[in-house]
Amino acid sequence: MTQRLQIGLVFITMSMGFGFLQYPNLIFKITKTGHFVVVLSYGLLQMFLMIIYKKGLNYFPKQDIIDIYLKMGRWVAFIFLIPYVLNLTALVAMSLRQHAENIGSIFLSRTPDWSILILLLFISTFTAIKGLGTILRSSFFIFFIVNFLVLFVVISSIVNVDFKNALPAYPSSLDFLTKKDFFYLMGFSSILFLGFVPPETKLKFGQLFAEWTYVIFFYLAVVYLPLFIFGQETVVTFHFPAKDAVDSVDINWFIFNQQTIFFGMSMVGLTILLNAVLLWIIGQIIRKLFNWQRNKPSYWICAFSLIAFIFAVSVPNLAWIEKLSLWSAGVHAYFIVIIPFTIFIYGVIANRGMTGYENK
Amino acid sequence: MQKLVQEIKSIFANHDDFFIQEEHFKQTAIFLIGFNTMIDFTHSNLYIRQMAKMSASVNELFTNLSDQLDVDLEQIIKAILDGKLVLLSECNRNALLVPISRKLSRSIDEPKNESIIQGPLNAFGEDIDINLGMIRKWLGTERLCHCSHQIGQLTKRRISMLYIKGKAPIALIEKVDRLLKQIESDIVTIDDLNKHFGQHKFNPISYLFSTEIPIQAIDSLKKNRVVLFLDNYPCALVFPHLFLDMLTTVNDRNFPIGLSLLIRALRGLGALATLILPALYVALTSVNPDVLKIDLALFISKSREGIPLTPIVETLTMVVLVDLIIEAILRLPKSVGPTITMVGGIILGQAMVDAKLVSNLLVIVVTAMLIANSSVVGVQNSLYIRALKYPILILASVYGILGLFTGLTFVCIYLASLTSCDIAYMTFRIEGKGDTI
């Protein structure tokens, strides 16, 4: 029971980590009015994929998705999972670089990015090496600290809010569904993680709904906060609207100059946990795909985090990072659609074959 | 018979406190053998003489005195070492009897290292049987199981394992039992035992939580844990050691629930303050002064005016000095301890501030940290919390607030990664059925 709760907390924290920086920016690009419709339709679409994925996983009660792919055949597993590993590495690299850049700009404007990158990546790698148990247990603390900070930031920002900025409340049309940016938006989700957790502790549907609702409320908050403060016309011009919204707040009685440091701290917690999970997934996939004798996941996690580090450091500037992180999010969106469907379809076929066999 | 006596004599030739006394009973020579440092010989001899008056023959005397008759040489030697009195007669009979022994252990005392407010004041002592007896007396149930081992190479040391049947997970009991059986070397300290339980060399957190207080041990037993007793060690060792041991004691529950929750929250705050206060000072003075409101930042920089040391050196000096003082006070005799503390604390602090070596603010910060640190339960816990503040301090001096927060996160993750016998340190409670994450 407690482990289920912890998995739920990791799921929420990962979703927050994915979307905290990029998500509002994309939403503002997609639509000019009725932002909540975009968020909700994104939420519904993700929920639909989650149900498909969960149904697919339920066909194989004692296996995670690597086992299921290996069951389909070794080559199928390689074809689906190796590109996924590469995509995860790119995600780790890009999200870390982006976060390091942002965190640096909040706390240490003169420190080079690579030193912050090393710090964050080291802790993520350490956590990933220690395994799922450590991730789950530490998620408990990180979740509460981070959510407390986020809540504080959101509540303290209310002083600058002007509700008229969000008008008109309803969208003029639904053609945002066909936009390329909406596809990128799909990349911000952690549903694939649910397939990698130990099978005996898989989440139930009800719990999943509750957690996803929490995430959607969080997304609504980070989208509407800058919108209420600045209005659509201004907000489109920002790179990271949420950060700028928090930056604008000034409370007289508070000892700190700006609330941005709390925003920065919450980002540190989110990015460490998110990247730890991604690196752990990489380690799991490689360990199960290759049957070598000295195939320890910790070696692979180290190797891939080194690759991610080199990748992240060699990107020259912020414009590049944004472009590349959108691409990696795009590829991730592709996997988020394709993996649940393959699992589900294979589940249906395998199940039918099984029942047919039993009927005979 | 003389041959056996000679043999025993030659074995104990190098022991000056070893004695062989010859007595005569109905024209038969009897040898009394033992250590006079362990046996009260005068009283024991008197007792034997009185028994002899009531017995008709040597054989009857031996049966009256003891039920361990006619054992082999090896057992005789072990009995002598254990402090028993050995009787040998000319007619090839021997008996091991429990003599009136010298008083070598102290009686039940009050706890020395743990202070109790509103609770029973008995504490464990060195004698393992008295300790076990105390637990038995306070926890009178047939479900309390006791399993004893003799371990060690040079000396055999007794280790007793207690658990409540049906409460402690079976896997845990079996694992501890197996680990204890596997020990072949001598166990002198808790760290030796920890190593056999699989603790990493540089891990500062012990696998065993030691407590002097019987009701604490009983409470741990009721919470599905295993309690170990080591011979000549005045503490119960609770296995596994959990994070919550740092924040809770059973005596808290003598207060209403609201107050006990408050006390526990304060302890958590104390641990947190120890970890972050010095680091926060360094971060705010050297790396991130800009995050503070301008008048606060000015106030801090004013309090540091004219101080030649950089914040990290200044803080490290003070923190190390304070840790040194704590270590020194522990070794000082109780009569001079308080005086030296007062003189050291007040004069040293004042002089350092006057000499402009450290700032006023830092003295406040370090004192607050030190006092906060003592609020956690258990000496070993407060020690490791004190040790963990150093990495955070170093990180904060490099990365400022960011370093402080990542350091804190890292400590959280590190503590979460610790497990002993597959039970995580950060677990809140141990499930009876073995469900332990």
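The values are calculated or read from the model by the stated rules, or taken from the named source; none is laboratory data. What you are looking at is a predicted structure, and each value in this text was computed from that prediction instead of being measured. Every residue, glycine as well, gets a Cβ built from its backbone with ideal geometry; the counts of neighbours run over all protein chains shown. Note: areas computed on protein heavy atoms with side chains; ligands, DNA, RNA excluded. Shrake-Rupley method; radii C 1.70, N 1.55, O 1.52, S 1.80 Å.
The relative contact order of the stretch B:304-386, computed from alpha carbon pairs under 8 Å that lie at least 6 residues apart in sequence, is 41 percent. About the centre of its Cα atoms, the stretch B:81-156 shows a dipole size close to 140 debye [charges on the beta carbon of Lys, Arg (+1) and Asp, Glu (-1) only; nearest 20 debye].
One decimal place: the segment B:LYS195-B:LEU46 gains 48.8 nm when fully extended, by the rule 0.36 nm per residue minus the C-alpha distance. In order along the stretch B:149-162, the Karplus-derived 3J(HN,Hα) couplings, from 6.51 cos²θ - 1.76 cosθ + 1.60 at θ = phi - 60°, round to 10, 10, 10, x, 9, 7, 10, 7, 10, 7, 10, 10, 10, 10 Hz, and Gly and Pro are given as x. Helix B:2-11 and the long axis of chain B differ in direction by around 20°, with both axes built from C-alpha atoms. Here the simple spin-label model places points 7 Å from the Cα toward Cβ, and for A:ILE158 and B:ASP177 these points are separated by 5.9 nm. Against the main long axis of the alpha-carbon atoms of chain A, helix A:297-314 sits at an angle near 40°. Taking the average, over residues, of other Cβ atoms within 10 Å as the packing measure, peptides A:333-346, B:269-282 rank B:269-282, A:333-346 from highest down.
Structure note, pairs B:LYS3/B:LYS103; B:LYS137/B:LYS334; A:LYS296/B:LYS167; B:LYS78/B:LYS112; A:LYS204/B:LYS165; A:LYS130/B:LYS195: Cα-Cα distances above 30 angstrom occur for B:LYS3/B:LYS103; B:LYS137/B:LYS334; A:LYS296/B:LYS167; B:LYS78/B:LYS112; A:LYS204/B:LYS165.
Treating cross-link reach as a plain straight distance, find the lysines whose alpha-carbon is under 23 Å from the alpha-carbon of A:LYS164, omitting any fewer than eight places away in the same chain. Output for A:LYS164: A:LYS29, A:LYS32, A:LYS243.
The convex hull defined by the C-alpha atoms of the stretch A:78-128 has an orientation-averaged projected area of 3.8 nm². Shape analysis of the stretch A:136-243 places it in the oblate category; the axes a ≥ b ≥ c from the Cα gyration tensor give an a/c of at least 1.5, with a/b not above b/c. The Cα center of the stretch B:269-306 and the Cα center of the stretch A:204-219 differ in position by 39 Å. Working value for the stretch B:288-393: equivalent-ellipsoid semi-axes of 27, 18, 11 Å, each the square root of 5 times a Cα gyration tensor eigenvalue, largest first. Placing +1 on each Lys and Arg Cβ and -1 on each Asp and Glu Cβ, with no other charges, gives chain B a dipole about its Cα centre of roughly 820 debye. Mind telling me which of B:ALA95, B:ALA56, B:ALA328 comes out most flexible in a GNM of chain B, alpha-carbon contacts under 10 Å? Of the options given, B:ALA56 has the highest mean-square fluctuation. Since only A:GLY330, A:ALA276, A:VAL76 are under comparison, the one whose Cα sits farthest along the positive direction of the charge dipole of the protein assembly as shown, derived from C-beta charges on Lys, Arg, Asp and Glu, is A:VAL76. Give the shape of the protein assembly as shown as rounded, prolate or oblate, defined through the alpha-carbon gyration tensor: a ≥ b ≥ c are the square roots of its eigenvalues, a/c under 1.5 means rounded, and otherwise the shape is prolate if a/b is larger than b/c and oblate if not. In terms of gyration-tensor shape, prolate. For the stretch B:72-119 and the stretch B:188-233, write down the distance between their C-alpha centroids in whole Å. Measuring centre to centre over Cα atoms gives 25 Å.
Highest mean packing comes first when the peptides B:244-255, B:413-424, B:112-123 are listed by Cβ atoms within 10 Å, giving B:413-424, B:244-255, B:112-123. Centre-to-centre, using Cα atoms only, the stretch A:1-77 and the stretch A:270-300 are separated by 20 Å. A 1.4 Å probe, protein heavy atoms only, puts the accessible area of B:THR63 near 80 Å².
Please state the relative contact order of chain A as a whole percent: Cα pairs under 8 Å, 6+ residues apart?
Numbers: 458 pairs, mean separation 146.1, N = 360.
Relative contact order here is 41 percent.
Given in Å, the Rg to one decimal and the Dmax to the nearest whole number for the Cα atoms of chain A are 20.7, 78.
Determine, from the Cβ-Cβ distance of B:LEU266 and B:ARG429 and an R0 of 22 Å, the FRET efficiency 1/(1 + (r/R0)^6), rounded to the nearest 0.05. After rounding to 0.05, the efficiency reads 0.50.
When the residues B:SER374, B:SER397 are ordered by accessible surface, computed with a 1.4 Å probe over the protein chains alone, the sequence from largest down reads B:SER374, B:SER397. Ligands, DNA and RNA excluded, the heavy atoms of A:TYR59 present near 80 Å² of accessible surface to a 1.4 Å solvent probe.
Distances between placed amide hydrogens fall under 5 Å for B:TYR425 paired with B:LEU418, B:THR419, B:SER420, all partners being 5 or more residues away or on another chain. The charge dipole of chain A, taken about its Cα centre with unit charges on the Cβ atoms of Lys, Arg (+1), Asp and Glu (-1) only, comes to about 1300 debye. Across the stretch A:209-351, C-alpha contacts under 8 Å between residues 6 or more apart give a mean separation that, scaled by the residue count, equals a relative contact order of 10 percent. Under a plain spin-label model, where a point goes 7 Å from the Cα along Cα-to-Cβ, how far apart in nm are A:ASP247 and B:LEU321? About 4.2 nm separates the two model spin labels.
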